[in-house]
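As structure tokens, the structure follows; a few thoughts come after it.
The values are calculated or read from the model by the stated rules, or taken from the named source; none is laboratory data. Just so we're clear, the structure is a prediction, and the values are computed from it rather than from any experiment. Note: ideal-geometry Cβ built from the backbone for every residue, glycine included; neighbour counts use all protein chains shown. These area figures cover heavy atoms from the full protein model, side chains too; ligands, DNA and RNA do not enter into them. Shrake-Rupley method; radii C 1.70, N 1.55, O 1.52, S 1.80 Å.
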Amino acid sequence: MDPSSKSPDDDDLRPEAEAARRPQPQPQPREWRFAQVFGERAAGEDVQEVDIISAIEFDKSGDHLATGDRGGRVVLFERTDSRDSASRSELERQDYPIARHPEFRYKTEFQSHEPEFDYLKSLEIEEKINKIKWCQTANNALFLLSTNDKTIKYWKVQERKVKRISVMNLNTSQSSGNGTTSSSSSSSSRAILPNGGCSEKLYNFPNNDLLFPPGGCTSLRLPVVVTGQDLNLVPRCRRVYSHAHDYHINSISNNSDGETYISADDLRINLWNLEISNQSFNIVDVKPANMEDLTEVITCAEFHPTHCNTLAYSSSKGSIRLIDLRQSALCDNHAKLFEEHEAPGSRSFFTEIIASVSDIKFARDGRHILSRDYMTLKFWDINMDSGPVATFQVHEYLRPKLCDLYENDSIFDKFECCLSGDGLRVATGSYSNLFRVFGCTPGSAEATTLEASRNPMRRQVANPTRPARTLTSLTRAVRRGGENPGVDANGNSYDLSTKLLHLAWHPTENSIACAAANSLYMYYA
């Protein structure tokens, strides 16, 4: 090729192509700091079972946070450092730095579910909140879904002005100081005369009943209801979705269309319309004709964040199935199957138990899925079903203790997982009120261990190792900490009775909310 015939744009394109091929710099590991705590208990204080947090969820804006507990209550928190609360010029005039992390305050709480009893099956239905999902806001009202084992409820929380009765047909001299009249249940009152006047003669009311004066009352003033300026948050249950699941509901997920959602139990997934509570459509049914042939159950289901026809569900065998609602009314056949094949000779009695997926989450871009089983976090690319693109060891030091964990049922604990809004990091919980944060970009070595306390870094791993990324390295994982039953790989004692099961990542900022028993801790980086 003649050099003189070279396009003038070739020299401009070559540096860009070389830059694209050059390895991108890794994001720096974050330094996590304590932000807030709600419901912190004192040392030695007993925790009531009904106060233990069982669900956490941020809304899409990140301005509201909801928690549910085992007592059936839903508690709402709102952000106080909102960027809309002051203009830019006002913030620039302030002589103190703007807060680096979201700050929340208690907003309101309400009783979502009550204990019930199924008389047909002689089964007690506990009030514990299993999941909470935020719905689209409208008219300055908050909407959310909450569910226990059997019943889903659709709640509306809105601020309303307080209404008071300000004028009544009573003696005005007995009115209270705030402008409202006193109750008519007083033991005596003056007789009522026309035009609101009163005579001096007292009439005794032995039964607190109002007696008319002799000759009757020629003028009657009706009570007047006046709307004041005080605002009160009023939660109202708009819909109750019940009698659709024979087994315990393990997950609910909103659709991106804003009109429908799914609910999943061990064997079925149902599709609901938010406005229709007496009808749902069964879209997945894995129940065999003979229950003795049952080999796996559904553990979690999640809608795609942007494609309203796509959803994923996980199973107790460690697989994740991607289904397309456009294929058929009953989606028994999956569009894609994601599973990791076990290494030859590695199977044991506990293999299938620890492979059960307890939680799945779509990344915000919809390209990746994060899954959590008992021992690991797995990061999947939906365009690559040959295996996970990354595997993160959460508490590998417990592998030699699987027999003990099986005996005390800890091996069946269901840990949740979450992703950052930018998709660069993932997080999940562990025992001793610890949670771990990993960098999930290729080549990242970020692996941070934090404790749900006011000093989250005190249990920091001194020399974190890169999480395994291949099957071969997974089978050759170093199993330290097996000599002492109560010591992890870093020499720290662990406590199986304190477990961090529930946590959520702020949708737009590096802030994590996590539940340690009845306490809600928040951290930022």
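Considering only region 110-122, state which residues are assigned to a strand (DSSP E or B) and in contact with a Lys or Arg (Cβ under 9 Å, 6 or more places away or on another chain). Even if it seems obvious, please write down each step before you answer.
Initially, region 110-122 is screened for residues assigned to a strand (DSSP E or B), giving 110-111, 116-118.
Across region 110-122, the qualifying residues are PHE110, GLN111, GLU116, ASP118.
Looking at this structure, is ASP230 over 22 Å from GLN111 (Cα atoms) and not in a strand (DSSP E or B)? Show your work before the answer.
Details: over 22 Å from GLN111 (Cα atoms): yes; not in a strand (DSSP E or B): no.
Spelling it out, it is not the case that ASP230 is over 22 Å from GLN111 (Cα atoms) and not in a strand (DSSP E or B).
Inside region 238-301, counting only strands (runs of 3 or more DSSP E) that do not spill past its ends, which hold 3 or more residues that are open to solvent by less than 10 Å² (accessible area, probe 1.4 Å) and in contact with a strand residue (DSSP E or B) (Cβ under 8 Å, 6 or more places away or on another chain)? Break it down stepwise before answering.
On the way: elements: 251-254, 260-264, 268-273, 276-285.
Output list reads 251-254, 260-264, 268-273.
Of all residues in region 432-447, which are closer than 19 Å to PHE34 by Cβ and of a type in the set (Val, Ile, Thr)?
In the first step, residues of region 432-447 are kept if they are closer than 19 Å to PHE34 by Cβ; the result is 432-437.
Scanning region 432-447 gives a single hit, VAL437.
Take region 133-165 and flag every residue that is on the phi < 0 side of the Ramachandran plot and either part of a loop (DSSP other than H, G, I, E, B) or open to solvent by 90 Å² or more (accessible area, probe 1.4 Å) (or both). Working first, answer last.
Applying the first criterion (on the phi < 0 side of the Ramachandran plot) to region 133-165 yields 133-138, 141-165.
Once the filter is applied, which keeps residues that are on the phi < 0 side of the Ramachandran plot and either part of a loop (DSSP other than H, G, I, E, B) or open to solvent by 90 Å² or more (accessible area, probe 1.4 Å) (or both), region 133-165 yields CYS135, GLN136, THR137, ASN148, ASP149, LYS150, THR151, GLU159, ARG160, LYS161, LYS163, ARG164.
I want to confirm something. Restricting to region 52-68 and keeping residues that are among the β-branched types (Val, Ile, Thr) and in a strand (DSSP E or B), which single residue is nearest to the chain's Cα centre (by Cα)? Before you say what the answer is, go through the steps one by one.
Let us first name the residues in region 52-68 that are among the β-branched types (Val, Ile, Thr), namely 52-53, 56, 67.
Now narrow it down to the ones that are in a strand (DSSP E or B): 53, 56, 67.
Numbers: ILE53: 10, ILE56: 3, THR67: 7 Å.
Per the stated criteria, the residue is ILE56.
Name the residue, out of SER189, SER173, SER184, that is assigned to a loop (DSSP other than H, G, I, E, B) and at pLDDT below 50. Spell out how you get there, then give the answer.
Working: SER189 fails: assigned to a loop (DSSP other than H, G, I, E, B); SER173 fails: assigned to a loop (DSSP other than H, G, I, E, B).
Among SER189, SER173, SER184, only SER184 is assigned to a loop (DSSP other than H, G, I, E, B) and at pLDDT below 50.
Across region 380-389, which residue is modelled with the lowest pLDDT among those that are surrounded by fewer than 23 Cβ atoms within 10 Å (Cβ to Cβ) and part of a strand (DSSP E or B)?
Among them, the one singled out is MET384.
For region 357-379, which residues satisfy the criterion of being in contact with a strand residue (DSSP E or B) (Cβ under 8 Å, 6 or more places away or on another chain), open to solvent by less than 20 Å² (accessible area, probe 1.4 Å) and closer than 21 Å to SER430 by Cα?
Scanning region 357-379 gives VAL357, ASP359, ILE360, ILE369, LEU370, SER371, ARG372, MET375, THR376, LEU377, PHE379.
When region 406-421 is examined, which residues are found to be in contact (Cβ under 8 Å) with a residue 12 or more places away in the chain, in a loop (DSSP other than H, G, I, E, B) and open to solvent by 10 Å² or more (accessible area, probe 1.4 Å)?
First, the residues of region 406-421 that are in contact (Cβ under 8 Å) with a residue 12 or more places away in the chain: 406, 408, 410-421.
Now restrict to residues that are in a loop (DSSP other than H, G, I, E, B): 408, 413-416, 420-421.
The answer is ASN408, ASP413, LYS414, GLU416, GLY421.
Tell me the strands (runs of 3 or more DSSP E) entirely within region 454-525 that contain at least 2 residues that are aromatic (Phe, Trp, Tyr) and at pLDDT 70 or above.
Values: elements: 503-505, 511-516, 519-524.
Where strands (runs of 3 or more DSSP E) fall fully within region 454-525 and carry at least 2 residues being aromatic (Phe, Trp, Tyr) and at pLDDT 70 or above, they are 519-524.
Quick check: is even one residue across region 64-74 surrounded by fewer than 16 Cβ atoms within 10 Å (Cβ to Cβ) and either out of contact with any His (no Cβ under 8 Å at 6 or more places or on another chain) or at pLDDT 95 or above (or both)?
Filtering region 64-74 for residues surrounded by fewer than 16 Cβ atoms within 10 Å (Cβ to Cβ) gives none.
Taking every residue of region 64-74 in turn, none turns out to be surrounded by fewer than 16 Cβ atoms within 10 Å (Cβ to Cβ) and either out of contact with any His (no Cβ under 8 Å at 6 or more places or on another chain) or at pLDDT 95 or above (or both).
If only one of HIS334, HIS307 is open to solvent by 70 Å² or more (accessible area, probe 1.4 Å) and in contact (Cβ under 8 Å) with a residue 24 or more places away in the chain, which one is it? It would help to see each step written out before you state the result.
Details: HIS334 fails: in contact (Cβ under 8 Å) with a residue 24 or more places away in the chain.
After ruling out the rest, the residue left standing is HIS307.
If you go through region 249-270, how many residues are touching a Ser or Thr at 6+ places or on another chain (Cβ under 6 Å), without any contact (Cβ under 8 Å) to a residue 60 or more places away in the chain and not polar (S, T, N, Q)?
Count: 2.
Does LEU450 satisfy the condition of being open to solvent by less than 10 Å² (accessible area, probe 1.4 Å), of a type outside the set (Gly, Ala, Ser), outside any helix (DSSP H, G or I) and touching a residue at least 60 places away in the same chain (Cβ under 8 Å)? Break it down stepwise before answering.
Values: open to solvent by less than 10 Å² (accessible area, probe 1.4 Å): yes; of a type outside the set (Gly, Ala, Ser): yes; outside any helix (DSSP H, G or I): yes; touching a residue at least 60 places away in the same chain (Cβ under 8 Å): yes.
Yes: the conditions hold for LEU450.
Could you grab me the full set of residues in region 321-339 that are touching a Lys or Arg at 6+ places or on another chain (Cβ under 7 Å) and in a loop (DSSP other than H, G, I, E, B)?
HIS334
Looking only at region 493-507, which residues are touching a Ser or Thr at 6+ places or on another chain (Cβ under 8 Å) and among the hydroxyl-bearing types (Ser, Thr, Tyr)?
SER493, TYR494, THR498 - these are the residues of region 493-507 that are touching a Ser or Thr at 6+ places or on another chain (Cβ under 8 Å) and among the hydroxyl-bearing types (Ser, Thr, Tyr).
Could you look through region 337-351, keep only residues that are among the hydrophobic types (A, V, I, L, M, F, W, C) and out of contact with any Asp or Glu (no Cβ under 7 Å at 6 or more places or on another chain), and pick out the one that is surrounded by the most Cβ atoms within 10 Å (Cβ to Cβ)?
PHE350
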